[in-house]
1. In a GNM of the chain with a 10 Å cut-off on Cα contacts, which of 22, 48, 143 has the highest mean-square fluctuation?
2. Find the relative contact order for the chain and round it to a whole percent, using C-alpha pairs within less than 8 Å whose residues are 6+ positions apart.
3. What do you get for GluC sites (Glu not before Pro) in the stretch 113-161 restricted to DSSP loop and a cutoff of at most 10 other Cβ within 10 Å of the site's Cβ?
4. Sum -39500 (n - 2.57) across every DSSP H segment of at least 4 residues in the chain, then divide by the residue count to get the 222 nm mean residue ellipticity, nearest 500.
5. Rounded to the nearest percent, how much of the accessible area of the stretch 106-175 (1.4 Å probe, protein heavy atoms only) is carbon and sulfur?
6. Could you sort the peptides 146-152, 66-72 by per-residue average Cβ neighbour count (10 Å cutoff), highest mean leading?
7. Could you tell me which label, among (i) 2, 9, 16, 20, 19, 14, 10, 6, 3, 1, 0, 0; (ii) 2, 10, 20, 22, 20, 13, 8, 3, 1, 0; (iii) 1, 7, 11, 13, 13, 11, 7, 5, 4, 3, 3, 3, 3, 3, 3, 3, 2, 2, 2, 1, 1, 0, 0, 0, carries the value of P(r) over Cα pairs in 5 Å bins from 0, in percent calculated for this structure?
8. So, in Å, what gap is there between the alpha-carbon centers of the stretch 57-106 and the stretch 152-168?
Amino acid sequence: ATVSAITFLILLLFFIFRSYSNEKKHVRLLDQLNMQLINQRDEILNINRLLQLKVLRTQMNPHFIYNCLNAINNLVVKGDADKASNYLLSFSKLLRMILDFSDKPFVDLEEEIKFIQLYLSLESMRMGNDFSYEIKAPQEILNDDIGVPSLLIQPFIENAIWHGLINKTGDKKLE
């Protein structure tokens with residue numbers, strides 16, 4: 001009976017140890033799978049953010065390009081070749097910046113401000129003398145290496161102009 005009890009106890013300890021060992025293996029496997037899922041989720045979220053930026057850019061570009069080309073056409077029809085040429089030159093610089101920025105998820109804040117200045121100069125040419133703008137940024141911010149999502153600010157400025165200032169009478173100033 002003692003030998004049977006000891007044998008039973010040894011078998012019981014063996015099965016308990018084996019069960020514990022298998023449970024540890026399963027926990028490690030689940031941890032590995034969980035880490036893979038977390039990494040895949042992070043990658044999907046990053047891809048989603050990039051796609052949202054690309055969608056925003058594709059919505060902005062055709063509308064804006066059409067408006068610029070229409071403004072250049074109006075200047076040509078009016079016979080104002082100098083203004084049309086200046087507008088076309090600025091427009092081509094802006095397009096170049098859009099193309100340069102389109103494959104970058106982030107650009108330096110200073111580059112984004114240059115883009116906005118060029119965009120606003122085009123809008124100013126198109127809207128005439130009653131539209132003015134001023135960009136204010138503390139120098140210490142400009143000195144820092146700050147990255148912003150490329151072409152993020154322009155749609156807000158465009159909306160401010162076309163849904164706020166365009167219908168305003170008198171001076172139209174954007175700060």
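The values are calculated or read from the model by the stated rules, or taken from the named source; none is laboratory data. It should be emphasised that the depicted structure is a prediction, and the values quoted were computed from it without experimental measurement. In this analysis, Cβ positions are derived from the backbone assuming ideal geometry, glycine residues included, and neighbour counts consider all displayed protein chains. Please note that ligands, DNA and RNA were not included when accessible areas were found on the heavy atoms of the full protein model with its side chains. Shrake-Rupley method; radii C 1.70, N 1.55, O 1.52, S 1.80 Å.
1. Taking springs between Cα atoms under 10 Å, the residue moving most is 22.
2. Computed value for the chain: 21 percent relative contact order.
3. 134
4. That calculation yields -26500 deg cm²/dmol at 222 nm.
5. The nonpolar share, carbon plus sulfur, comes to 51 percent.
6. 146-152, 66-72
7. It is the one labelled (iii).
8. 17 Å
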